[in-house]
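One structure, pasted below without further comment.
The values are calculated or read from the model by the stated rules, or taken from the named source; none is laboratory data. Treat the numbers as computed from the prediction; the structure is a model and nothing was measured. Neighbour counts run over all protein chains shown; Cβ positions are idealised from the backbone, glycine included. Heavy atoms of the whole protein, side chains included, go into the accessibility calculation; ligands, DNA and RNA do not. Shrake-Rupley method; radii C 1.70, N 1.55, O 1.52, S 1.80 Å.
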Amino acid sequence: MLKPIRRIFIANRGEIALRVIRTCRELGIDTVLGVSEVDRDSVPARQANRTLCLGPGRPGDSYLNVSAVVHAARSSCCDAIHPGYGFLSERPALARACEQEGVILIGPTAEQLEAVGDKLKARGHAQAAGVPVVPGGSAATTDEALALARQIGAPLLVKAVGGGGGRGMKKVLDLARLPESLALASAEAGAAFGDARVYLERLVTRARHVEVQVLGDGAGRVLQLGERDCSVQRRYQKLIEETPAPGLSPGLRSQLHDAAVRFARHLQYRGAGTVEFLVDVERGTFYFLEMNARIQVEHPVTEAVTGVDLVAEQIRIAAGEGFGARAVEAEKRGPRGCAIECRINAEDPAHDFRPSPGTVTQAVWPAGPGIRVDTHIERGARVPPFYDSLLGKVIALGDDRPAALARLRQAIAATAVAGVATNLAFHARVLADAGFAAGGVDTGFVESLNV
Amino acid sequence: MSLTAKDIETITRLLEASSFDELELEIEGLKLSLRRRGAVSAAVVAPGAAPGAGFTPAVQAVPPSPESATPPPAAPPSVVPPPAGPDILTAPLLGTFYRSPRPGEPPFVEVGSRVEPDTVVGIIEVMKLMNAVHAGRRGRVTEILSQDGALVEYGQALLRIEA
């Protein structure tokens, strides 16, 4: 099936909206950007061929309004919708509305979104695909949870079934405190996701977060474009990502790649996606965490070492054109060099990294060989309080990891953003750290820095 | 010189009758691009606007009707700044604006109509859901600012209602 895509509606904002516009321009595709009232004058709004105001600043009234997005896309004669990440990107409701209205969703099917959006279902699919999962399970009552917890053993994690981003997630070190943590996790999950179900799983004390980028054509063909290590996290929020994952044994690396491909193939996955794994450092093994059925914030590191434009691949797949030659080649050839990314956020390290909205009075971004910056922030840009605090991403590519790291240190030192608080000093500190330079830190690394 | 809306209509008709898909016209600092496929990407770029980062005025799109296979022709673009102020009733949500309850029926209001705050002055349809638009104030309609059947964005001027 070949359905040409000539105009794309972008249902997102910030750096990812700009990122999608850039690829559309290269491909000669028109863009219509849906904006909220507070984003009318944003950089992406000026770069798109046309903007349509979806509603007021609050995401629920604009970027999360499925009807407004689909109506706007259809009425502006767009062939397809690119949802970016966050917002509506993984909502089956958008996929379904697109199917009904005859608009292509640049992403997976509604069924696939449902299969991976629910952690319990996703876990079941992982098991069916022969992908290892963390020992654990769901429990309906406190008694059941206690029995299950005894099997799994402490320490363990209580997680929200419908959750993400660390909300509804509780660590239980002592089984005596399980009932209390269950009640808290359930209440948090109910408030944040409208789904109070929780499940328990073994807590891996020394874990690395390693994920694999895949592309699926929707007919069972799946490519993997290598892994990304995202172990530098603060409260489950990724801050630094890199590829290849440093210090993984070749055996473990290829097992991860194979597992991701098996999982995506099992779903007959369509589009770009990321299969996330927890690598158990002490046991030298790994478990399936979840699949993100969208483009990821950290996709540029993969693009840097493969030369593949992942957004262009998403559009190709959505148009029924299959994979690009470059992506097919990149899978065979493997990565060239190393790439590391820092997420620059408007958050205040002096106040527990709380978001710092405001108006940017100065924005100096780095440039030079091997440096890429994805940002929508320039002098005068507003950082509204309604959305996530990502200001931009600085990515460094080098022939090897020390070269990439040296470039990234220079680049971060050359970056200056004023008017809002940023985590730039945090990044400088991590990049200067001997443990990080050695490579292969675990997810406890940021906490150990005492920031 | 500048192009009037009537000039652009004429040019649009000429393009439609021709075998070309696109037309680009530059006259003394004004640039007009018309494209046939997709039918709504007509834009007049004001002189001095940076290329790429340029100001693209919102162009009214006629919603595609499911029955007709041919895309609707481009509506003439507007280069005047959008009306604003306390007299302007703006769209409370994005959707398709209808001035009458059903096709062929008389409009809810015309220029000269007197309205009360709860007077229905139009409908905004979003994915087949009809939302009544109320005048929100007492006064007299002095100008109709959005066409029947047009896609209106959130905050777009619909009517001028003077007290």
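Given charges of +1 on the Cβ of Lys and Arg and -1 on the Cβ of Asp and Glu, with all other atoms neutral, how large is the dipole of chain A about its Cα centre, in debye to the nearest 20?
On the way: 53 positive and 51 negative charges, 80 e Å.
Computed about the Cα centre, the dipole is about 380 debye.
Positive end of the dipole of chain A, charges at C-beta (+1 Lys, Arg; -1 Asp, Glu), about the Cα centre: which of A:LEU64, A:SER138, A:VAL430 has its Cα farthest in that direction?
Going by the Cα projections, it comes out as A:LEU64.
Return the distance in nm (one decimal) between the two label points of a simple spin-label model at A:GLU99 and B:LEU23, each offset 7 Å from Cα along Cα→Cβ.
Result: 4.3 nm between the two label points.
Right, another one. Ignoring any ligand, DNA or RNA, what whole percent of the accessible area of region A:22-155 comes from carbon and sulfur when the probe is 1.4 angstrom? Show your work: numbers first, answer last.
On the way: 2300 of 4890 Å².
Solvent-exposed carbon and sulfur of region A:22-155 make up 47 percent of the total.
Mind listing the long-range amide H neighbours of A:VAL232? Cut-off is under 5 Å, sequence gap 5 or more, other chains count too, H placed in the peptide plane at 1.01 Å from N.
A:LEU239, A:ILE240
Give me a single rounded figure for B:88-94: the average over its residues of other chain Cβ atoms within 10 Å of their Cβ.
Values: counts 0, 0, 0, 2, 2, 10, 13.
The mean count of partner-chain Cβ atoms within 10 Å per residue comes to 4.
Nearest 0.05, what FRET efficiency do A:ASP258 and B:ALA163 give at R0 = 51 Å with Cβ-Cβ as r?
Working: r = 72 Å, r/R0 = 1.41.
Efficiency for this residue pair is about 0.10.
Here's something else I'd like to know. What does the accessible area of B:MET127 come to, in Å² to the nearest 10, when a probe of 1.4 Å is used?
40
Counting only other chains, and only Cβ atoms inside 10 Å, what mean value do you get across the residues of A:69-79? Let's see the in-between values first.
Numbers: counts 2, 2, 12, 7, 0, 7, 14, 9, 12, 2, 1.
The mean count of partner-chain Cβ atoms within 10 Å per residue comes to 6.
Hey, another quick one. Dipole size in debye (nearest 20) for region B:88-162 around its Cα centre, Lys and Arg Cβ +1, Asp and Glu Cβ -1? Numbers along the way, then the final one.
Values: 8 positive and 9 negative charges, 22 e Å.
Around 100 debye, computed over region B:88-162.
Whole-Hz ³J(HN,Hα) for each residue in region A:240-254, computed from phi via Karplus 6.51 cos²θ - 1.76 cosθ + 1.60 with θ = phi - 60°, x for glycine and proline: what do you get?
Result, ordered by residue: 10, 10, 8, 9, x, 5, x, x, 6, 5, x, x, 5, 4, 6 Hz.
Continuing with this model, one more query. Classify chain A from the C-alpha gyration tensor, please: rounded if a/c falls under 1.5, else prolate or oblate depending on whether a/b exceeds b/c.
On the way: a/c = 1.31, a/b = 1.18, b/c = 1.11.
Taking the square roots of the gyration eigenvalues as a ≥ b ≥ c, chain A is rounded.
Take the Cβ-Cβ distance between A:LYS3 and A:ARG265 as r, set R0 to 25 Å, and report the resulting FRET efficiency rounded to the nearest 0.05.
Values: r = 24 Å, r/R0 = 0.95.
The pair A:LYS3/A:ARG265 has a calculated efficiency of 0.60.
If you rank A:TYR236, B:TYR98 by how much accessible surface each has, with a 1.4 Å probe, what is the order from largest down? Don't skip to the answer; put the middle values down first.
Numbers: A:TYR236 105, B:TYR98 65 Å².
Result, largest first: A:TYR236, B:TYR98.
Moving to a separate point now. On the full set of protein chains, 1.4 Å probe, figure out the accessible area of A:LYS119 and give it in Å² to the nearest 10.
So the heavy atoms of A:LYS119 present about 20 Å² to solvent.
Can you work out the accessible area per residue across the protein assembly as shown, with the rest of the protein chains kept in place, probe 1.4 Å, in square angstrom?
Heavy-atom SASA per residue in the protein assembly as shown reads 43 Å².
Give me the extension gain from B:LEU145 to B:ASP7: residue separation times 0.36 nm, minus the current Cα-Cα distance, reported in nm with one decimal.
Numbers: separation 138, 0.36 × 138 = 49.68 nm, distance 2.05 nm.
Gain in length upon complete extension: 47.6 nm.
For region A:256-306, state which trypsin sites (Lys or Arg not before Pro) are in a DSSP loop and have at most 12 other beta carbons lying within 10 Å of their beta carbon. Before the final figure, lay out the partial values.
Numbers: sites: A:ARG262, A:ARG265, A:ARG270, A:ARG283, A:ARG294; in loops: A:ARG283, A:ARG294.
Hits after loop and neighbour filter: A:ARG283.
Where in region A:23-43 does accessible area fall by at least 10 Å² between the isolated chain and the complete protein assembly, at a 1.4 Å probe radius?
At a threshold of 10 Å² (probe 1.4 Å), the residues of region A:23-43 that become less exposed are A:ARG25, A:ASP30, A:GLU37, A:ARG40.
Please list, in chain and number order, the residues 5+ apart from A:THR285 or on another chain whose amide H is under 5 Å from its amide H, with Hs placed from the backbone.
Close amide H contacts, sequence-distant or interchain: A:ASP280.
Probe 1.4 Å, all protein chains in place: accessible area of A:LYS171 in Å², nearest 10?
Answer for A:LYS171: close to 120 Å² accessible.
Moving on to the next point. Each residue of region A:93-102 in order: what ³J(HN,Hα) in whole Hz does its phi give by Karplus 6.51 cos²θ - 1.76 cosθ + 1.60, θ = phi - 60°, with x for Gly and Pro?
Rounded to whole hertz, the list is 4, 5, 4, 5, 4, 5, 4, 5, 8, x.
Summing -39500 (n - 2.57) over the DSSP H runs of n ≥ 4 in chain A and dividing by its residue number, what mean residue ellipticity at 222 nm do you reach, to the nearest 500 deg cm²/dmol? Write down the numbers at each step before the final one.
Numbers: 16 runs with 158 residues, N = 451.
Computed mean residue ellipticity for chain A: -10000 deg cm²/dmol.
Still on this structure, I have one more. For region A:343-451, rounded, prolate or oblate, judged on the Cα gyration tensor with a ≥ b ≥ c (square roots of eigenvalues), a/c < 1.5 rounded, else prolate if a/b > b/c?
On the way: a/c = 2.41, a/b = 1.31, b/c = 1.84.
Since a/c reaches 1.5 but b/c is at least a/b, the shape of region A:343-451 is classed as oblate.
Quote the total accessible area buried by chains A and B together, excluding ligands, DNA and RNA, probe 1.4 Å, nearest 100 Å². It would help to have the intermediate numbers written out before the result.
On the way: alone 18210 and 10340 Å², together 26330 Å².
Heavy-atom accessible area buried at this interface is about 2200 Å².
Once the piece of chain linking A:SER249 and A:ARG25 is laid out straight, how much longer is it, given 0.36 nm per residue of separation minus the C-alpha distance between them?
The span from A:SER249 to A:ARG25 would gain 76.6 nm if fully extended.
OK, next. Residue by residue through A:437-446, how many Cβ atoms from other chains fall within 10 Å of the Cβ on average? Write out the running numbers ahead of the final one.
Values: counts 0, 0, 0, 0, 0, 0, 0, 0, 0, 0.
The per-residue average across the peptide is 0.
Please list, ordered by chain and number, the residues whose modelled amide H lies under 5 Å from the amide H of A:LEU203; skip anything fewer than 5 residues away on the same chain.
HN-HN under 5 Å from A:LEU203: A:LEU156, A:LEU157.
So what is the relative contact order of region A:135-202, in percent, for Cα pairs below 8 Å that sit 6 or more residues apart?
Working: 131 pairs, mean separation 28.6, N = 68.
Once normalised by length, the contact order is 42 percent.
Same structure, new question: May I ask you to evaluate 6.51 cos²θ - 1.76 cosθ + 1.60, the Karplus curve with θ = phi - 60°, for each residue of region A:129-141 and list the ³J(HN,Hα) values in order in whole Hz, giving x for glycine and proline?
8, x, 9, x, 10, 5, x, x, x, 9, 9, 8, 10
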